[in-house]
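In what follows, a structure is listed as structure tokens, so that the remarks can point back to it.
Values quoted throughout were computed directly from the atomic coordinates according to the rules given, and no laboratory measurement underlies them. In this text the structure is predicted, and so the values were computed from the model without any measurement. Positions of Cβ are backbone-derived with ideal geometry, glycine not excepted, and every protein chain shown enters the neighbour counts.
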Amino acid sequence: MKNIFIIITLGFLVSCASNNVEKNKKADLYFSHGTQKLIEQDYTEALKNLLEAQKLDPSNTKIINNLAMAYYFKGKPDIAMKMLKESLELDEKNSDARNNIASIYFTENKLDLAQKEYEKILGDLLYQHTYRVQYNLALIEFKKGNRTKGLSYLEQAVGNRADYCPASYLLANEYRRLGQKAKSLETYKIATRENCAKNPQAFYEWGQLLSELGRDDEAREKFNYIIDKFPKSKYFTLALESKNNIKKSRILSVNKVEKIDSFESSEF
């Protein structure tokens, strides 16, 4: 899932009966360890631990959600979808499970089905990841060619969570595409601060826009940042090329001025 985001349920399980305390403690340990392995992308270990957790607490929707995603990343989307739907049957307000169902639909290019599920999640006013849902809906609208609706969802996502890097970066690009360069510059600032500073692509596009606007010194600063901080990224080479292009452009500009000056002086 390159462009769409799944939800891994975090937190601790809740014991429902005092005589099951020990059993639930074990389930919690397996759940926590399995969830950590899921985050680390060690899907085999995640599957092993989450299966053990499910044996101890078979109707816990948190376990079912994460177990479903372990199956998904092990290449079993049918099992994953079946389990996610089971989770929704147990708790129809389980927006994490609904989000993952929608995301699987998205990767299968079933855009209408994905959109329907995401829109249901927007009705959950207590859901903590609304900004991600809005970002995902923006991707769907863009795929459908509805740029205006997509832009609106991106603006909502960034409004809800400015430090959600994928949304702020895509919004900056969209403003740039629309020719709204002042807005684009401001949004690139958001897309490159704090945690988002780990994304060389945002710095590169910001530098490109500055270069387009003739703000070469500022553009060079962005390219130098990439060269210094991301030497193993493909944007290292692109930044070097862009920096050299600015230098060549400046040399050509100086030579042009010198030729014009020489021509004019010979006429008088």
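Miscellaneous remarks
- One residue stands out among those in the range 147-182 that are of a type in the set (Asp, Glu) and assigned to a helix (DSSP H, G or I): the one that is surrounded by the fewest Cβ atoms within 10 Å (Cβ to Cβ), which is Glu155.
- For Gly214: the one exception among (1) in contact with a helix residue (DSSP H, G or I) (Cβ under 6 Å, 6 or more places away or on another chain); (2) on the phi > 0 side of the Ramachandran plot: (1)
- Close Cβ contacts (under 8 Å, 6 or more residues apart or on different chains) running from residues in the range 113-138 that are farther than 22 Å from Leu170 by Cα to residues that are basic (Lys, Arg) and not in a helix (DSSP H, G or I) comprise Asp124/Lys93.
- If you go through the range 123-146 and keep only what is among the aliphatic types (A, V, I, L, M) and either over 23 Å from Leu67 (Cβ atoms) or not in a helix (DSSP H, G or I) (or both), you end up with Leu125, Leu126, Leu137, Ala138, Leu139, Ile140.
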